[in-house]
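The values are calculated or read from the model by the stated rules, or taken from the named source; none is laboratory data. None of the values given here were measured: they were computed from a predicted structure. Cβ placement follows ideal geometry from the backbone for every residue including glycine, while neighbour counts extend to all protein chains displayed. Ligands, DNA and RNA are excluded from the accessible area calculation, which covers all protein heavy atoms including side chains. Shrake-Rupley method; radii C 1.70, N 1.55, O 1.52, S 1.80 Å.
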Amino acid sequence: MIKKLLKIILCLSCAGVLVTSALTGCGAGHGPGQDTGAAPMAEGAPDGIDHAGDPGVSGYDKPVIRVACFYEEEYDYWTDELKYMASNLLEMGRISKYQARNYPTMTEAWEALSGATGMTTRGRISFLPGRIYMYSEMSDEELNEMLAMTDVDLLLTFGSVCGKFMTANADKISYDYMVFGAANPVAGGIIKSETERFNDHSFAMTDSGETSRALQVAYEIFHFSDIGVVYENSDAAYVYSGIDALEEMAETYGFRIHREYVDEAAGDADLDRHYRELKEAYARLLPEIDTLLVTTGTLEDYERVPELMEPVINAGIVTIAQDAEEQCRLGMMMHLMVTTAEDDGDFMASTIAEYCDGTPITELRQEYVAEPRLYLNYEVARRTGYRLPMSAYMNADVIYAAEDME
């Protein structure tokens, strides 16, 4: 009888050890600079346990990775990145109960994701409901409150402006942040290089040669002598429009760059002003150029492409879409997609999974190079009067015809 009691006691003790180990076994992957004092859990924490002050829960070993989101403004590409990231996490078995649908905004995509149940191999991941922040609508006080958060472990950050903001204020945060969807994070001052950070809280998905490769392909096809660009006269727009890469190529090949500046829309009420000034800027460029590069952030309402490109096409000017293949389909001659939101989402999900499995954020691989895709519009080339080389058609992944533009 005594031996049986001892066995029962021993079994119960072992079970208690296993439960304790399970509760404290998710590595958050926080960098060496992370404050190892456990922050209080958000109200309604997924595991229902207050870990504040628990010596068994450090910055490297959290039972739940609490995730929030920070983005500059509504932008379809970022929304698509977030949706594909979630779908990949679902496919990997890292989350469950997520409904993969075509959510039209970042907020709706985030709310769907926050309703998912997150699992990692060593614990859980929680996308916090309501914890999504839009930079363009936040006051200085609200931004400071976001920086001071203690109930978040990881902030998913979208775009160059938000990435640069986080890097500039990294000394004010206790959590880690990952930057996605930023054009050239190195040139933008978000990270030092593909392998170096400015602080121990940061990660930025980067392909510093992305814009250069796209421009190189465009030059090899068109051999332009005078290229026109319109973009906002700001440091951020200079970077995400790839003007630095264009200037570097101009020095190498000797073509001339003609510029016009137009402020981006400050909101829906400002869209008509923006597109009116954009059309006027294109008109001023036409007598001086043989090619127009439509830069990121200037023509995001794709339904306006036919109207804005009509006078450019009639003037016999080659048009290159920097932003999306949809612009090419609707009325521009070429687009080179160096990466897709689907490709990005796959890389994002893999990175987040690796982080949740315990890899410190400073050891995550930042460089990401995808297979490029060339899009051409035969009908636009015909109407422009430009004879594309046969090699371009042979290398194209997609060629649009007149019926595709309807």
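For Tyr368, the test of being over 24 Å from Asn314 (Cβ atoms) and either among the β-branched types (Val, Ile, Thr) or modelled with pLDDT under 95 (or both) is passed.
Taking the listed residues Glu220, Glu248, the one that is touching a helix residue (DSSP H, G or I) at 6+ places or on another chain (Cβ under 8 Å), charged (D, E, K, R), free of Cβ contacts under 8 Å to residues at least 40 places away in the same chain and not in a loop (DSSP other than H, G, I, E, B) is Glu248, with no other qualifying.
Return the only residue of Thr291, Thr298 being open to solvent by less than 40 Å² (accessible area, probe 1.4 Å), in contact with a Leu (Cβ under 7 Å, 6 or more places away or on another chain) and among the polar types (S, T, N, Q).
Working: Thr291 fails: in contact with a Leu (Cβ under 7 Å, 6 or more places away or on another chain).
Going through Thr291, Thr298 in turn, just one is open to solvent by less than 40 Å² (accessible area, probe 1.4 Å), in contact with a Leu (Cβ under 7 Å, 6 or more places away or on another chain) and among the polar types (S, T, N, Q): Thr298.
Pairs are defined by a Cβ separation below 7 Å, a sequence spacing of at least 6 or placement on different chains, a first member in the range 84-104 that is on the phi > 0 side of the Ramachandran plot, and a second member that is open to solvent by 80 Å² or more (accessible area, probe 1.4 Å) and at pLDDT 90 or above; no pair meets this definition.
Given the condition assigned to a loop (DSSP other than H, G, I, E, B), open to solvent by 30 Å² or more (accessible area, probe 1.4 Å), among the polar types (S, T, N, Q) and modelled with pLDDT of 95 or more, answer yes or no: does some residue in the range 181-198 qualify? For the range 181-198, residues assigned to a loop (DSSP other than H, G, I, E, B), open to solvent by 30 Å² or more (accessible area, probe 1.4 Å), among the polar types (S, T, N, Q) and modelled with pLDDT of 95 or more: absent. Of all the numbered requirements in (1) outside any loop (DSSP other than H, G, I, E, B); (2) surrounded by 19 or more Cβ atoms within 10 Å (Cβ to Cβ); (3) out of contact with any Cys (no Cβ under 8 Å at 6 or more places or on another chain), Glu111 misses one, and that requirement is (2). Out of curiosity, is Tyr275 buried (at least 18 other Cβ atoms within 10 Å of the Cβ), at pLDDT 90 or above and either more than 22 Å from Val239 (Cα to Cα) or of a type outside the set (Val, Ile, Thr) (or both)? Spelling it out, Tyr275 is indeed buried (at least 18 other Cβ atoms within 10 Å of the Cβ), at pLDDT 90 or above and either more than 22 Å from Val239 (Cα to Cα) or of a type outside the set (Val, Ile, Thr) (or both). Among the residues of the range 208-222, those that are open to solvent by 20 Å² or more (accessible area, probe 1.4 Å) and either under 13 Å from Thr167 (Cα atoms) or of a type outside the set (A, V, I, L, M) (or both) comprise Ser208, Gly209, Glu210, Thr211, Ser212, Arg213, Gln216, Tyr219, Glu220. Annotation note: of Val67, Val57, the sole residue that is modelled with pLDDT under 90, of a type in the set (A, V, I, L, M, F, W, C) and either open to solvent by less than 40 Å² (accessible area, probe 1.4 Å) or part of a helix (DSSP H, G or I) (or both) is Val57. When each of Glu43, Glu74 is tested for being surrounded by fewer than 20 Cβ atoms within 10 Å (Cβ to Cβ), at pLDDT below 50 and in a loop (DSSP other than H, G, I, E, B), the lone residue that passes is Glu43.
Let me confirm something: among Ser136, Ser193, Ser202, Ser212, which residue is touching a helix residue (DSSP H, G or I) at 6+ places or on another chain (Cβ under 9 Å) and under 15 Å from Arg365 (Cα atoms)?
From the options Ser136, Ser193, Ser202, Ser212, the qualifying one is Ser202.
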